[in-house]
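Q: Pasting in a structure now, in structure tokens, and then I'll have a few things to ask.
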Amino acid sequence: MQEPNLTSRIFAIGDHIRYVAVADGQQLQMQDRPNLTDASSSGTDRFEELLVNPALLLLTRQRGEIDCGGLNYLIVRYGYFFQVIVPNPAGGHVSVAVEADYDPVAVAEKVRTLVA
């Protein structure tokens, strides 16, 4: 698991960060920005971090390692926000929800730097 202040450093990227999760196996730390509108439920977020995102990373990482130069990050566009999923070299992943009107690629690159 990452150092405790990783979540606060990701939130410090800007007010467009809605949610941060750091997951490694069954260990999971999640935090929402206060006073979110159109927030998904913490129960579904938990299953997304424990089941969906690890499966997506496994599939795309394996594909990326065949002949694409690896996998840097995934971006999923939901109705209310983007979800940026970054593999963690120490194990697991970091997942960041980003407001729909902000550039998720810029966030992905910043998170990738923080996780490296």
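Q: So Thr113 ticks every box in (1) at pLDDT 95 or above; (2) surrounded by 11 or more Cβ atoms within 10 Å (Cβ to Cβ) but one. Which box is left unticked?
A: If we test Thr113 against (1) at pLDDT 95 or above; (2) surrounded by 11 or more Cβ atoms within 10 Å (Cβ to Cβ), just (2) comes out false.
Q: Quick one: how many residues across region 91-103 are surrounded by 13 or more Cβ atoms within 10 Å (Cβ to Cβ), of a type outside the set (S, T, N, Q) and within 23 Å of Gln62 (Cβ to Cβ)?
A: Matching residues across region 91-103 total 4.
Q: Residue under question is Gly64, and the condition is that it be of a type in the set (Gly, Ala, Ser), closer than 19 Å to Ile10 by Cβ and modelled with pLDDT of 90 or more; does it hold?
A: no
Q: If you check Val105 against the conditions, is it assigned to a helix (DSSP H, G or I) and within 20 Å of Ile13 (Cβ to Cβ)?
A: It is true that Val105 is assigned to a helix (DSSP H, G or I) and within 20 Å of Ile13 (Cβ to Cβ).
The values are calculated or read from the model by the stated rules, or taken from the named source; none is laboratory data. Everything quoted here is computed from the prediction, not taken from an experiment. Every residue, glycine among them, receives a Cβ derived from its backbone with ideal geometry; neighbour counts consider all protein chains shown.
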